[in-house]
Amino acid sequence: MKLPRSPGFDLSGKRALVTGASSGIGLGCAAALSEAGAHVVCAARRREALDEAVATMAEQGFSGEAATLDQTNLDDIRDVMQDPFDIVLNSAGLARHSKALETKAEDFDAVMNINLRSAYFLSTEAARGMMASGKGGSIIHISSQMGHVGGIERAVYCASKHGVEGMIKAMAIEWGKDRIRINTICPTFIRTALTASTFDDPDKHAWIMEKIKLDRVGEIEDIMGAAVFLASDASAMITGTSLKVDGGWTAE
Ligand SMILES: NC(=O)c1ccc[n+]([C@@H]2O[C@H](COP(=O)([O-])OP(=O)(O)OC[C@H]3O[C@@H](n4cnc5c(N)ncnc54)[C@H](OP(=O)(O)O)[C@@H]3O)[C@@H](O)[C@H]2O)c1
């Protein structure tokens, strides 16, 4: 009997872009993809943090380089995309929480600009390169469980992440024939700079602990396996969907 062979999680020979790689989930995903064998271009605005990340990766024998990128600037996106990538993982994001009735237009615009507009044009530029290379590829957005449900004082954030969820479905339909897969990872609350103020609020902390069925908050490491899976051939038939890493938050 010939046993079927698992396609595996090896990313050797792949060129990956990770945005938001200067901290938090993006930094974790950059480390995960490079540990799996990819050469990772680590992008964000804070150059020093990126250089430190790349140097630390190199110490461990992982391959990477830094690229300065302000994702609100479409020229910056085009510059970083000059050579095609096999994998693009977008972890750049912003949260400015408020009650819906108190939301300022400038906060709405800032969150939408990064979380949705830049995700949109990063995707289209990534796909253009993947089409030109003829090899296809995998585009992964770090969306959120808040792309599937509502949350306290999160109307703007939820709007941006629900937008990403709709966007990737439509793009998956258009780009499947070019073997371009596009998916999201939807984390629950993970302790990072983005969530520090939420964790510091005792009421919000209690809300989080009540909703996460696995009885602990998420860690950056919880996202790393999902990133490698969606980047690799192990997920070759998966597109236009989301992988919820939410400890059961959205199960009820
Ligand atoms: N932490 C959570 O609980 C959680 C849960 C669900 C989803 N998420 C999502 O996960 C993603 C990463 O968040 P995080 O928790 O890791 O927060 P973080 O540590 O604050 O990381 C945010 C990243 O976005 C980058 N960024 C922000 N504005 C940018 C811009 N204009 N141009 C380029 N890069 C920009 C930042 O880099 P620079 O400042 O160096 O530019 C930073 O690397 C976000 O999309 C967030 O919505 C987080």
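The values are calculated or read from the model by the stated rules, or taken from the named source; none is laboratory data. Keep in mind it's a predicted model, so treat the numbers as computed, not measured. Please note: Cβ atoms are built from the backbone with ideal geometry, for glycine as well, and neighbour counts cover all protein chains shown. Keep in mind that these areas ignore ligands, DNA and RNA; they rest on the heavy atoms of the full protein, side chains included. Shrake-Rupley method; radii C 1.70, N 1.55, O 1.52, S 1.80 Å.
Residues whose amide H lies under 5 Å from that of K14, counting only those 5 or more places away or on a different chain, are H39; hydrogens are built 1.01 Å from N in the peptide plane.
Given H placed on each backbone N at 1.01 Å, which residues far from G64 in sequence or on other chains put an amide H within less than 5 Å of it? Residues meeting the criterion, in which the H sits 1.01 Å from N, are V40.
Helices of the chain meeting both criteria, an alpha-carbon length of 15 angstrom or more along the long axis and an average Kyte-Doolittle score not below 1.6, with helices taken as full DSSP H segments, are 220-231. Only one residue of M57, V217, S138 has its Cα farthest out toward the positive end of the dipole of region 15-242, where Lys and Arg carry +1 and Asp and Glu -1 on Cβ, and that residue is S138. Using Cβ point charges alone (K and R +1, D and E -1), the dipole size of region 51-195 about the Cα centre works out to roughly 740 debye. Percent of Cα pairs in region 87-133 per distance bin of 10 Å, from zero to the largest separation: 25, 39, 23, 11, 2.
Value of Rg to Rh for region 35-95, rounded to two decimals, is 0.97; Kirkwood radius and Rg both from alpha-carbon coordinates.
A helix-only calculation puts the chain at -12500 deg cm²/dmol for mean residue ellipticity at 222 nm, using -39500 (n - 2.57) for each DSSP H run of at least four residues, averaged over all residues. If the chain linking K169 and A236 were pulled fully straight, counting 0.36 nm for each residue of separation and taking away their Cα-Cα distance, it would gain 22.5 nm. Take the Cα of S12, step 7 Å toward its Cβ, do the same at K99, and the gap between the two points is 5.9 nm. How many angstrom lie between the Cα centre of region 217-236 and the Cα centre of region 4-74? Centre-to-centre distance over Cα atoms comes out at 14 Å.
Average projection, convex hull of the Cα set of the chain: 15.1 square nanometres. Along the Cα→Cβ direction, 7 angstrom out, place labels at D109 and R47. What is the inter-label distance in nm? About 2.8 nm separates the two model spin labels.
Proximity of backbone amide H atoms, modeled 1.01 Å from N, is registered between T184 and H141, T241, S242, L243 at under 5 Å, excluding neighbours fewer than 5 places apart on the same chain. Over all other residues within a Cβ to Cβ distance under 12 Å of A119, the charged ones net out to 0, with Lys and Arg as +1 and Asp and Glu as -1.
Taking all Cα pairs closer than 8 Å and separated by 6 or more residues, the relative contact order of region 1-133 comes to 24 percent. When you restrict to C-alpha pairs under 8 Å that are six or more residues apart and normalise by the size of the chain, the relative contact order lands at 20 percent. As a fraction of the 1.4 Å probe accessible area of the chain, surface on carbon and sulfur atoms comes out at 52 percent.
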